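Contents: one structure, followed by commentary.
The values are calculated or read from the model by the stated rules, or taken from the named source; none is laboratory data. Please read all numbers here as calculations on a predicted model, not as lab measurements. Cβ sites come from the backbone with ideal geometry, for glycine too, and all protein chains shown count toward neighbours. For accessibility, only protein heavy atoms count, side chains too; no ligands or nucleic acids. Shrake-Rupley method; radii C 1.70, N 1.55, O 1.52, S 1.80 Å.
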Amino acid sequence: MRNKASDSLQGNIGINAFVGLGSIRLALACVLPVVLIGGHALSLGTARAPQGSNQPSMAQSAPPPSTSGQAAPGTPPGGPSAQRQTPSIVVLDPAHGGTDLGARGTGGVRESEIVLQFAAQVRASLESMAFQVMQTRQGNENPSFDDRSAIANSQRGAVFVSLHIASTGLPGTVHVYVMSDLPGANDANGLIPWDRAQAPFVPLSRRFGDMVQVFLAQRFKGSPSTAQAAAVRQLRTTAAPAIAVEISRISVEDRNELDRMVPGVADAIARGASAFRPLYVVAAANPGDRP
Amino acid sequence: MTPRWRVWLVGMLAIAVIIAGIYFPVLKKRLRQATPTPPDSEEQARRELTQTTPANSNGPLTKAKLFWSSGAQDGSLMPVNVDLPLSTNPTLRAKQVLNTLLAGPADARLRTLPPDAVLLAFYMLPDGTAIADFSEALATATPSGIASEQMAVDSITKTLEVNVVQVRWLKILIHGQEVDTLAGHLDLTRTFLVNAKAAPMTSATTAGGDSAKPAAATPSSKTATTASPKPASASPKLTPGTPPGKLTQPVKKP
């Protein structure tokens with residue numbers, strides 16, 4: 001079923017760019033072509049979105065995610081087109097790092113270290129499903145919230161997954177969070193404020209979060225069946241379908257309890273991303289644009 | 001000294017030691033009762049100084065509903081009825097319920113806010129936006145995590161929603177400043193919806209807040225209006241109403 005809001009925007013032509021110059025960065029919507037020239041990033045692209053919209057959109061109502069791990073059967077309306085593509089980039093964000101240790105458990109367990117372990121396994125699972133994975137940090141560094149978001153914002157059609165370990169909660173459960181409602185007004189120049197970059201993506205994030213949460217709930221009893229809304233700072237500045245996955249919890253007596261959760265969490269996230277992939281349609285790149 | 005006197009002397013000393021042994025614990029107990037107990041921490045000392053006296057301390061008790069953890073480990077909250085001499089002034093009333101919320105429930109495990117956190121100030125703006133300024137302990141002692149931080153904020157907003165009907169939005173400050181997150185996750189640059197159907201404020205009800213409002217305590221009009229989430233009644237859309245075009249540069253905070 002097609003969405004009325006999408007239909008009403010048919011015929012729109014988007015012009016989008018990403019400009020970066022040292023500390024000054026002007027990011028123009030990442031759902032359309034981006035060209036990097038030298039140290040500066042600049043792009044101008046016009047593209048007609050598959051449904052005539054330059055907005056991120058869903059291809060159709062999402063079917064319930066299958067337990068087989070295969071992509072949900074959801075060919076976008078109108079069939080395959082050269083002007084549409086489904087995203088294949090996942091930006092993985094192991095939270096915290098550096099001096100920010102995150103939650104700390106008994107025996108000196110640190111969230112900033114454990115999420116790296118989770119990220120490595122999630123990355124492997126995603127890559128096995130033909131996703132290209134980018135990480136916001138590889139080691140013990142601590143990029144800012146904006147720097148982490150910028151990695152996703154500079155990719156066309158990426159999805160963003162932030163990994164966390166909770167201090168509280170029922171041990172052995174996993175919660176997916178999506179940004180709570182965020183007004184998405186453009187400013188006088190038609191720019192989307194960076195600090196509300198998530199606003200146009202909230203419905204997509206919710207759908208993505210629900211899909212991942214379903215797979216997690218199947219594996220980890222006691223986990224909710226749908227994603228929850230929360231004002232997560234990291235998600236607010238991310239211009240892509242974005243979720244935060246929080247595993248409970250850091251203060252388990254036995255560290256092995258967390259370690260045993262790693263494969264299940266990784267597999268559920270990969271399956272959720274795979275199920276979401278055909279539902280998230282973005283405009284195709286122009287010839288000569290950055291792949 | 002004759003042996004007889006020596007025996008008497010030893011006997012008297014022994015009796016004195018026994019009497020001292022019996023009296024010493026009593027003396028120690030009296031001394032402890034007479035000395036005021038020092039507060040456990042600086043925050044608690046500050047709380048004692050800043051704690052507002054209930055406006056209706058002699059007035060009738062009202063059942064206030066405070067939201068603490070249900071204990072289910074799923075982030076859910078449970079309302080608990082507490083008899084308080086609540087003021088009719090919304091600002092004072094909000095201070096009363098928040099201070100009681102901070103004091104915590106009988107079962108300390110059901111706390112939602114750190115025991116050392118203090119409400120430093122509370123203001124109400126005419127548009128129904130409440131500004132609650134907490135001490136740094138709220139940020140430093142709240143367990144890090146989305147669920148725990150969300151539960152802390154939920155307990156504040158739900159308690160205000162039920163007990164102070166004039167509060168529409170809530171802005172949380174830490175020591176007079178807007179901060180990025182509560183404890184690393186939850187966004188505190190925004191205002192939180194408390195009650196979309198809040199009762200309108202009147203000039204009479206706005207009185208009673210802290211008289212000297214610090215500059216930092218007033219959120220910019222941009223924050224108060226644009227960062228506020230829409231009421232839940234807004235119909236959900238699959239695509240946004242305004243087309244996403246360009247992104248502005250991130251604001252670099254000092």
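Take A:GLN234 and tell me if it is under 16 Å from A:VAL161 (Cβ atoms), within 13 Å of the chain's Cα centre (by Cα), within 14 Å of chain B (Cβ to nearest Cβ) and at pLDDT 95 or above. Working first, answer last.
Values: under 16 Å from A:VAL161 (Cβ atoms): yes; within 13 Å of the chain's Cα centre (by Cα): yes; within 14 Å of chain B (Cβ to nearest Cβ): yes; at pLDDT 95 or above: yes.
The answer is yes for A:GLN234.
If we only count strands (runs of 3 or more DSSP E) wholly inside the stretch B:51-140, which ones have 1 or more residues that are over 17 Å from B:VAL194 (Cα atoms) and in contact with an Asp or Glu (Cβ under 7 Å, 6 or more places away or on another chain)? Please lay out each step first, then the result.
Details: elements: B:62-69, B:77-84, B:119-124, B:129-134.
In the stretch B:51-140, the matching strands (runs of 3 or more DSSP E) lie at B:62-69, B:119-124.
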Q. With (1) touching a strand residue (DSSP E or B) at 6+ places or on another chain (Cβ under 6 Å); (2) facing chain B (nearest Cβ under 10 Å) as the list, and A:PRO193 as the residue in question, which single condition is left unmet?
A. (1)
(Q) Out of everything in the stretch B:174-204 that is open to solvent by 30 Å² or more (accessible area, probe 1.4 Å) and modelled with pLDDT of 90 or more, what residue ends up being nearest to B:PHE122 (Cα to Cα)? (A) B:HIS175
Q: List every residue pair whose Cβ atoms sit under 7 Å apart, with the two residues 6 or more apart in sequence or on different chains, where the first one lies in the stretch A:249-273 and is within 17 Å of A:ALA103 (Cα to Cα) and the second, anywhere, is open to solvent by 60 Å² or more (accessible area, probe 1.4 Å) and outside any helix (DSSP H, G or I).
A: A:ILE250/A:ARG104
Q.
Of everything in the stretch A:134-147, what is open to solvent by 10 Å² or more (accessible area, probe 1.4 Å) and closer than 15 Å to A:PRO94 by Cβ? Give them in sequence order.
A. A:MET134, A:GLN135, A:THR136, A:GLN138, A:GLY139, A:ASN140, A:GLU141, A:ASN142, A:PRO143, A:SER144, A:PHE145, A:ASP147
Q | Single match in A:PRO143, A:PRO203, A:PRO183 (criterion: modelled with pLDDT of 90 or more, within 13 Å of chain B (Cβ to nearest Cβ) and in contact with a Pro (Cβ under 8 Å, 6 or more places away or on another chain)) | A | A:PRO203
Q. Taking the stretch A:247-260 as the search range and keeping residues that are buried (at least 24 other Cβ atoms within 10 Å of the Cβ) and of a type in the set (A, V, I, L, M), which one is farthest from A:SER149 (Cα to Cα)?
A. A:ILE250
Q. Would you say B:THR88 is among the hydroxyl-bearing types (Ser, Thr, Tyr), more than 14 Å from chain A (Cβ to nearest Cβ), on the phi < 0 side of the Ramachandran plot and open to solvent by 40 Å² or more (accessible area, probe 1.4 Å)?
A. yes
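Out of A:ALA188, A:ALA244, A:ALA240, report the one residue that is assigned to a loop (DSSP other than H, G, I, E, B), surrounded by 20 or more Cβ atoms within 10 Å (Cβ to Cβ) and hydrophobic (A, V, I, L, M, F, W, C). Can you show your working first?
On the way: A:ALA188 fails: surrounded by 20 or more Cβ atoms within 10 Å (Cβ to Cβ); A:ALA244 fails: assigned to a loop (DSSP other than H, G, I, E, B).
Sole residue among the options that is assigned to a loop (DSSP other than H, G, I, E, B), surrounded by 20 or more Cβ atoms within 10 Å (Cβ to Cβ) and hydrophobic (A, V, I, L, M, F, W, C): A:ALA240.
What tally of residues in the stretch A:159-174 results from selecting those that are assigned to a strand (DSSP E or B) and either touching a Ser or Thr at 6+ places or on another chain (Cβ under 9 Å) or within 13 Å of chain B (Cβ to nearest Cβ) (or both)?
Initially, the stretch A:159-174 is screened for residues assigned to a strand (DSSP E or B), giving A:159-165, A:173-174.
From the residues that got through so far, the ones that are either touching a Ser or Thr at 6+ places or on another chain (Cβ under 9 Å) or within 13 Å of chain B (Cβ to nearest Cβ) (or both) too are A:159-160, A:162-165, A:173-174.
Selection size over the stretch A:159-174: 8.
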Q) What pairs come up if the first residue lies in the stretch B:62-82 and is of a type in the set (Lys, Arg), the second is open to solvent by less than 50 Å² (accessible area, probe 1.4 Å) and in a loop (DSSP other than H, G, I, E, B), and their beta carbons are under 8 Å apart, counting only those six or more places apart or on different chains? A) none
Q. Which one of these does A:TYR177 not meet: (1) open to solvent by less than 20 Å² (accessible area, probe 1.4 Å); (2) more than 8 Å from every other protein chain (Cβ to nearest Cβ); (3) not acidic (Asp, Glu)?
A. (2)
Q: Could you grab the pairs with beta carbons closer than 6 Å, sequence gap of 6+ or different chains, first residue in the stretch A:235-246 and under 11 Å from B:HIS185 (Cβ atoms), second one aromatic (Phe, Trp, Tyr) and outside any helix (DSSP H, G or I)?
A: A:ALA244/A:TYR177
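Just wondering, is there one or more residues in the stretch A:124-131 that are in contact with a Ser or Thr (Cβ under 6 Å, 6 or more places away or on another chain), surrounded by 15 or more Cβ atoms within 10 Å (Cβ to Cβ) and closer than 20 Å to A:VAL265 by Cβ? Spell out the reasoning first.
Pass one, the stretch A:124-131, residues in contact with a Ser or Thr (Cβ under 6 Å, 6 or more places away or on another chain): A:129, A:131.
Still in the running and surrounded by 15 or more Cβ atoms within 10 Å (Cβ to Cβ): A:129, A:131.
Filter once more, so that each one left must be closer than 20 Å to A:VAL265 by Cβ: A:129, A:131.
Looking for residues that are in contact with a Ser or Thr (Cβ under 6 Å, 6 or more places away or on another chain), surrounded by 15 or more Cβ atoms within 10 Å (Cβ to Cβ) and closer than 20 Å to A:VAL265 by Cβ, one finds at least one in the stretch A:124-131, hence yes.
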